[in-house]
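**Student:** One structure follows; several queries about it will come next.
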């Protein structure tokens, strides 16, 4: 599925209809304009979906705890702990952690580093 801006698409269809009004062959112009009108109506009647913007974050690892020997991995957006099992190598954080935060659902691809 691909989400589109239906209002912008309808505006483009409207522009096309305006351009075809100026054709010399009125019969052809009428047929084209009628087809564009039907496409515009179909677009208005098309089902809609609920969608939310994708939030991007990254896993942030830090040493802490008593004597600084505890590795914690947190979401850069909401600060929730990752479902991460420390295996002795903190360089593996991105490989071991989920691609999505289990708390806020943000995508962990590091494209945006927005902190709340």
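**Student:** Using the number of other C-beta atoms within 10 angstrom as an exposure proxy, rank 106, 75 with the fewest first. Could you put the intermediate results ahead of the total?
**Tutor:** Values: 106 20, 75 24.
Ordered from fewest to most neighbouring Cβ atoms within 10 Å, 106, 75 come out as 106, 75.
**Student:** For segment 6-45, what is the per residue volume of the convex hull drawn over the alpha-carbon atoms, in cubic angstrom? Kindly include the intermediate steps, with their values, before the conclusion.
**Tutor:** On the way: hull volume 1.5 nm³, N = 40.
Convex hull volume per residue, Cα atoms: 37 Å³.
**Student:** Here's another thing I want to ask about it. In which sequence would 73, 52 go, from the one with the fewest C-beta neighbours within 10 Å to the one with the most? Walk me through the numbers on the way to the answer.
**Tutor:** Details: 73 20, 52 6.
Fewest-to-most ranking of 73, 52: 52, 73.
Every number in this text was worked out from the coordinates using simple rules, so none of it is lab data. This one's a predicted model, so the numbers in the text were calculated from it and none came from an experiment. Note that each Cβ is placed from the backbone with ideal geometry, even for glycine, and that neighbours are counted across all protein chains shown.
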